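See structure below.
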Amino acid sequence: MDPQLQDRTLKALSLVLSYPTRELQKAMPEIGAVLASDTRLTAAERRALRPLVEELASRDIYDLEEQYVMLFDRSRTLSLNLFEHVHGESRDRGGAMVSLVETYRAGGFDPVTPELPDHLPVLLEFLATRPFTEARETLADAAHIFTALIGRLSRRESNYAPVFGALVQLSGVKADKEAVAEMLDRPDDDPNDLQALDEVWEESEVLFGPDPNADCPQVRDMLAKMDPPQTPAPMLRPAAD
């Protein structure tokens, strides 16, 4: 076990939201036991997580992979990259990425992954190494995003929805209703429309990395700015320069 690990539940939720693999399937009994034993979650929430745990443990791996891609990789409104819901493809997203990488490094966290720094499983893995009071504040700042994702996934009858319910419970707050409603007003992407998908993802490169002149703000200070903008960038095309 990682000696820096402080919160097994956040680590378990990080794994559950990661791309399915056979290794993940083998670990699901242990992951499920962690989630089932955390009394910070209500009994109802722990029961709600069980179908996904069982599905990830027993379903054909290729079906799980296809489901994951269709949900999270082919729909920007279900994206697990949190800054996607805040900045879209505006230039602000690149600066937020830089700050997040610096925050990770300041905390001694160096994720080995091809995913972007704002990918939720990566963030949860980082938060699992932090004191829970700090992690909870960060989750609270993103509660409206999690709540909107619950709504979208519930409409699709996805077993992933309770994962975001668990994150909201761990945040200890109720999401701002207006912010959630604004997010849910955005039309869902059609994951089967590959032409539209290609057009959506034609974007300028997002650059991030160490900035010798950058401060190292706490991650929650950045996520605290996650309130949807007054005029959010259109979800089906890159934001204008």
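The values are calculated or read from the model by the stated rules, or taken from the named source; none is laboratory data. All figures in this text were calculated on a predicted structure; none of them were measured in a lab. Cβ: placed from backbone, ideal geometry, glycine included. Neighbour counts: every protein chain shown. The area values use the complete protein model at the heavy-atom level, side chains included, leaving out ligands, DNA and RNA. Shrake-Rupley method; radii C 1.70, N 1.55, O 1.52, S 1.80 Å.
Some values worked out for this structure:
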item: Any helices (runs of 4 or more DSSP H) falling wholly within segment 1-58 and containing at least 3 residues that are free of Cβ contacts under 8 Å to residues at least 24 places away in the same chain and not aliphatic (A, V, I, L, M); result: 22-37, 43-58
item: Counted residues, segment 145-160 - those being open to solvent by less than 10 Å² (accessible area, probe 1.4 Å) and part of a helix (DSSP H, G or I); result: 6
item: Any chance Leu35 is aliphatic (A, V, I, L, M), surrounded by 20 or more Cβ atoms within 10 Å (Cβ to Cβ) and within 18 Å of Ala142 (Cβ to Cβ); result: no
item: Within segment 154-178, tally of residues that are in contact (Cβ under 8 Å) with a residue 12 or more places away in the chain and acidic (Asp, Glu); result: 1
item: Condition met for Asn213 (at pLDDT below 90, open to solvent by 90 Å² or more (accessible area, probe 1.4 Å), out of contact with any Lys or Arg (no Cβ under 9 Å at 6 or more places or on another chain) and farther than 26 Å from Glu137 by Cα); result: yes
item: Residue match in segment 1-8 (condition: out of contact with any Phe, Trp or Tyr (no Cβ under 8 Å at 6 or more places or on another chain), modelled with pLDDT under 95 and either closer than 20 Å to Glu115 by Cα or among the acidic types (Asp, Glu) (or both)); result: yes
item: Per-region count, segment 124-144, residues assigned to a helix (DSSP H, G or I), under 13 Å from Leu17 (Cβ atoms) and among the aliphatic types (A, V, I, L, M); result: 2
item: So Val69, is it under 19 Å from the mean Cα position of the chain (by Cα), surrounded by fewer than 16 Cβ atoms within 10 Å (Cβ to Cβ) and aliphatic (A, V, I, L, M); result: yes
item: For Met97: the one exception among (1) outside any helix (DSSP H, G or I); (2) at pLDDT below 85; result: (1)
item: Residues within segment 100-123 that are in a loop (DSSP other than H, G, I, E, B) and either of a type outside the set (Gly, Ala, Ser) or modelled with pLDDT of 95 or more (or both), tallied; result: 10
item: Any chance Glu89 is of a type outside the set (Gly, Ala, Ser), open to solvent by 20 Å² or more (accessible area, probe 1.4 Å) and modelled with pLDDT of 90 or more; result: no
item: Those residues of segment 18-30 which are closer than 20 Å to Leu80 by Cα and crowded, with 19+ Cβ neighbours inside 10 Å, in sequence order; result: Ser18, Pro20
item: Matching residues, segment 115-136, being under 15 Å from the mean Cα position of the chain (by Cα) and open to solvent by 60 Å² or more (accessible area, probe 1.4 Å); result: Glu115, Glu125, Arg136
